[in-house]
Amino acid sequence: MFKAFKGHALETKNRIVMAPMTRSRSTHPGDVPNEMMANYYRQRASAGLIITEGAPVSAVARGYSMTPGIYTPAQIEGWKKVTEAVHQEGGKIFIQLWHVGRRSHSSVSGAEPLAPSAIKIPDQVFGPLPEGGFGMIETQQPKAMSEQDIQATISDFVQAAQNAMLAGFDGVEVHAAHGYLFDTFLRLESNQRQDRYGGSQENRLRFLVDTLQALTQTIGSGKVAVRISPHIGEGFTGDNPEIIQLTLALLQKLQPMNLAYVHFSENISRYVEVSDAFRQQVRRVYQHPIMVAGKLTKQSAQRLLDQHYADFVAFGTPFVTNPDLVARFTHDWPLTEFDADARLTLYGGGEAGYIDYPAYQA
């Protein structure tokens, strides 16, 4: 994991990645990245690659208050502070491009949530409370997207990627996991369309594949990645019996794109264990870089690398409480545990629980 990586476009000083994590610390109103966020990412720039928290590609793409966007000039300028801070420390940083789909409320986005079909499930997001302040609120009934909505959303992702390049990012990762917009198009439970974006696997893959192709044509394939979560049921009520077959079909379509990486999110929320047999199937159909995240330890991550199941290993909450995680792994120093106090400051707030975790003192 400490070995440098060199792909067709992405080069990193090690294989350790800081996974994307919503922290809700942007400046409100305007959802603008700020100096505190730049300091947060700078502290963790020893990672081979940082993937930012999800950044909505438009106002309607938002589902959580105080998450930093990538669709206004002020947001672009704010993100420049972040990318400059990381690059000054010798790090690399991708921005995660996000559309939450039906996991939203009009009090957050200013519009009806969008989905492949007008199907709502019980779900909550972080938004404004009726009595003031912010907290968890129930999502709203979504609107089934028209084909015009789909094309407009693809355009939003393309513009967001162009904005990301202006902001100095090394690349973009499309969030197609965890029950958000693209994930709901992939799954039968949430996609009951009768047009060319629903029904067959080919049709349900179309929206995501078309978006990724548009991004690679705009900023280059080596600067585009995607996150998926076939073994996670977050944002859904049931299990998808053909999700493995669908995922392998997706990877076959992605193979010729030569993306920077495909990122598998695992072992969070409602999930099933990932088998070695699945990882071997993935490697047979997809020969480009693979990243895995999900409750990894140093030992389990190294196993994935040793068995060539992954090229990158991503860590989320360990990076919250250990800004110097790479050094701690390198020297086998003890980790600061992610405990109940850390959970209280995960979403929203100020410097406490965000940029005040110290580096290890031997």
- Message: Being charged (D, E, K, R) and either surrounded by 17 or more Cβ atoms within 10 Å (Cβ to Cβ) or closer than 30 Å to P289 by Cα (or both) is the requirement here; does E173 meet it?
- Response: yes
- If we keep only residues of segment 135-165 that are part of a helix (DSSP H, G or I) and either at positive phi or of a type in the set (A, V, I, L, M) (or both), then the residue surrounded by the fewest Cβ atoms within 10 Å (Cβ to Cβ) is A152
- Looking at segment 139-151, which of its residues are free of Cβ contacts under 8 Å to residues at least 24 places away in the same chain and within 21 Å of the chain's Cα centre (by Cα)? none
- Working carefully through the options G222, G235, find the one that is assigned to a helix (DSSP H, G or I) and either over 27 Å from A164 (Cβ atoms) or in contact with a helix residue (DSSP H, G or I) (Cβ under 9 Å, 6 or more places away or on another chain) (or both). G222
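Matching residues to (1) free of Cβ contacts under 8 Å to residues at least 60 places away in the same chain; (2) farther than 19 Å from M66 by Cα:
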residue	(1), (2)
G110	yes, no
P116	no, yes
K120	yes, yes
P128	no, no
I137	yes, no
V158	no, yes
A161	no, yes
D170	no, yes
N191	no, yes
- Residues of segment 317-362 being under 20 Å from G48 (Cα atoms) and not in a loop (DSSP other than H, G, I, E, B), in sequence order, are T317, P318, F319, V320, T321, L325, V326, A327, R328, F329, T330, H331
- Item | Single residue of S24, S46 found to be in contact (Cβ under 8 Å) with a residue 12 or more places away in the chain, assigned to a loop (DSSP other than H, G, I, E, B) and closer than 13 Å to E89 by Cβ | S46
- Is at least one residue of segment 102-113 part of a loop (DSSP other than H, G, I, E, B), surrounded by 14 or more Cβ atoms within 10 Å (Cβ to Cβ) and basic (K, R)? yes
- Item | Checklist (1) surrounded by fewer than 18 Cβ atoms within 10 Å (Cβ to Cβ); (2) part of a loop (DSSP other than H, G, I, E, B) applied to R284, failing item | (2)
- Message: Just checking, does segment 250-268 include any residue being crowded, with 19+ Cβ neighbours inside 10 Å and within 26 Å of A144 (Cα to Cα)?
- Response: yes
- Message: Among the listed residues D341, D306, D311, identify the single one that is under 17 Å from M18 (Cβ atoms) and among the charged types (D, E, K, R).
- Response: D311
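Rule-based calculations on the coordinates, nothing more; no lab input. Because the structure is a prediction, the values reported are computed rather than measured. Cβ sites come from the backbone with ideal geometry, for glycine too, and all protein chains shown count toward neighbours.
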